[in-house]
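A quick write-up on the structure given underneath.
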Amino acid sequence: MTKRTLRILQLYPQDMNIYGDNGNALVLQQRAKWHGYNVELLSYNPGDTFPADIDIIIGGGGQDSGQDKIQADLLSIKDTLRDLAENDTPMLLICGLYQLFGKFFKTQDGHIIKGIGLLDMETHAGSERLIGNIITHSDQFGDIIGYENHSGQTFLGSTVGSLGTVQRGAGNNGQDDTEGARYKNIIGSYLHGSLLPKNPAIADYLIETAATKKFGDFTPTVIDDRFAKLAREHALKRPR
Ligand code: GLN
């Protein structure tokens, strides 16, 4: 039987890809293979033609300068991303791209980097960077473990939920104990590390959602996650 193919698109890997975010692409690729799919891992950088038939979208974090650099291009593909999101395509956006899926990011020097407003939220740089290991909790995914490093403080509007509740660390803004955002099948998060190697439940959620949407079913393989478990145990013990 020919294997079924999932097409994963990584947004702006040249400019938005720090603190190991590329690991998210590798984990999705490998776990989708273990679950029995063929995987095409594609990249989209400024000026590229947006590929058709995408099943999962991921994007990472970046410096303010990286966000400036991709801003115009991101705004130019806003309608395509909105259509995909409204059509329930699973997406994972980390930190810098998470911010720009919201309405805007106002940087420390006061300039506004416009976002695409797919997520009902806005981000304002604070005077101190929020840096360190972070643990949050979600009913769906359990403890979510990662590393954060951002000046932006994100405030969620009423039409998005949070991804997790902060147990240790700052999260969206260091004030309201929320971390990340959920809307449709979009997950936004500040967690680098990378996120998915230590939180395979989120990777499997993205794969299951994509496979079910495309093929109407998903039969998971039982994956030996002993290294992920060890990484989680180790990370849980690390200081902030
Ligand atoms: N430049 C953004 C900020 O400082 C995003 C940082 C990041 O992606 N780690 O908030």
**OP:** Please work out the C-alpha center-to-center distance from the range 179-215 to the range 155-174 and express it in whole Å.
**Re:** 16
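So if I place +1 on the C-beta of Lys and Arg and -1 on the C-beta of Asp and Glu, and nothing else carries charge, what would the dipole magnitude of the range 19-138 be about its Cα centre? I want it in debye, nearest 20. Spell out each step's value before the answer.
Working: 9 positive and 16 negative charges, 56 e Å.
Taking the Cα centre of the range 19-138 as origin, the dipole is about 260 debye.
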Subject >> Gyration tensor verdict on the range 106-240 (Cα atoms; rounded if a/c is under 1.5, prolate if a/b is larger than b/c, oblate otherwise) >> reply: oblate
Original post:
Tell me, what HN-Hα J-couplings in whole Hz come from the Karplus equation 6.51 cos²θ - 1.76 cosθ + 1.60 at θ = phi - 60° for each residue of the range 196-201, using x for Gly and Pro?
Top reply: 5, x, 8, 9, x, 4
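Quote the relative contact order of the range 155-240 in percent (integer), defining contacts as alpha-carbon pairs under 8 Å separated by 6+ residues.
Values: 73 pairs, mean separation 17.2, N = 86.
Worked out over the range 155-240, it gives 20 percent.
Relative contact order of the chain: what whole-number percent is it, with Cα pairs under 8 angstrom and at least 6 residues apart? The partial results should precede the final answer.
On the way: 531 pairs, mean separation 47.8, N = 240.
It comes to 20 percent, rounded to a whole number.
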Original post:
Of the residues HIS35, HIS111, HIS192, which exhibits the maximal mean-square fluctuation in a Gaussian network model of the chain defined by a 10 Å Cα contact cut-off?
Top reply: HIS111
Original post:
Structure shown: which of LYS33/LYS214; LYS3/LYS78; LYS33/LYS103; LYS106/LYS198; LYS69/LYS198; LYS69/LYS214 lie over 25 Å apart, alpha-carbon to alpha-carbon?
Top reply: LYS3/LYS78; LYS33/LYS103; LYS106/LYS198; LYS69/LYS198; LYS69/LYS214
Subject >> Using θ = phi - 60° and Karplus 6.51 cos²θ - 1.76 cosθ + 1.60, couplings along the range 226-237 (whole Hz; Gly, Pro as x) >> reply: 5, 6, 5, 5, 4, 4, 5, 4, 5, 5, 5, 8
Subject >> Under-5 Å amide H pairs with LEU92, H placed in peptide plane, nonlocal only >> reply: ILE57, ILE58, GLY59, ILE187
**OP:** Among DSSP beta bridges lying fully in the chain, give the percent that are antiparallel, nearest 5.
**Re:** 55
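About the Cα centre of the chain, what is the dipole size in debye to 20, counting +1 per Lys and Arg Cβ and -1 per Asp and Glu Cβ, all else neutral? Write out the running numbers ahead of the final one.
Details: 24 positive and 29 negative charges, 107 e Å.
So the magnitude is around 520 debye.
Using only the Cα atoms of the range 113-180, construct the convex hull and provide its projected area averaged over every direction, in square nanometres to one decimal. Please report the intermediate quantities before stating the final value.
On the way: hull surface 19.0 nm².
Mean projected area for the range 113-180: 4.8 nm², to one decimal.
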Original post:
In whole Å, what is the distance between the alpha-carbon centres of the range 127-143 and the range 102-125?
Top reply: 20
**OP:** Tell me the label-point distance for the pair PHE215, LYS237, using the 7 Å Cα-to-Cβ offset, in nm and rounded to one decimal.
**Re:** 3.9
Subject >> Helix-only [θ]222 nm of the chain, DSSP H runs n ≥ 4, -39500 (n - 2.57) each, per residue, nearest 500 >> reply: -9000 deg cm²/dmol
**OP:** Over the range 40-117, calculate the relative contact order: mean separation of alpha carbon pairs under 8 Å at least 6 apart, over the residue count, as a percent.
**Re:** 33
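Percent of Cα-Cα pairs more than 23 Å apart in the chain, please. Mind dumping the intermediate values first?
Values: 12805 of 28680 pairs.
Value for the chain: 45 percent of Cα pairs lie more than 23 Å apart.
With every protein chain left in place, what is the accessible area per residue of the chain in square angstrom, probe 1.4 Å? Kindly include the intermediate steps, with their values, before the conclusion.
Numbers: 10460 Å² over 240 residues.
For the chain, the per-residue accessible area is 44 Å².
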**OP:** Using R₀ = 25 Å, calculate the FRET efficiency as 1/(1 + (r/R₀)^6) where r is the Cβ-Cβ separation of LYS78 and LEU41; round to 0.05.
**Re:** 0.60
**OP:** Using the Karplus curve 6.51 cos²θ - 1.76 cosθ + 1.60 with θ = phi - 60°, work out ³J(HN,Hα) for each residue of the range 52-64 in order, rounded to whole Hz, and write x for Gly and Pro.
**Re:** 8, 6, 8, 9, 9, 10, 9, x, x, x, x, 5, 3
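The values are calculated or read from the model by the stated rules, or taken from the named source; none is laboratory data. Small disclaimer: the values here were computed from a predicted structure and weren't measured. Here Cβ is always computed from backbone atoms with ideal geometry, including for glycine, and neighbour counts include all displayed protein chains. What goes into the accessible areas is simple: the full protein's heavy atoms, side chains included, and nothing from ligands, DNA or RNA. Shrake-Rupley method; radii C 1.70, N 1.55, O 1.52, S 1.80 Å.
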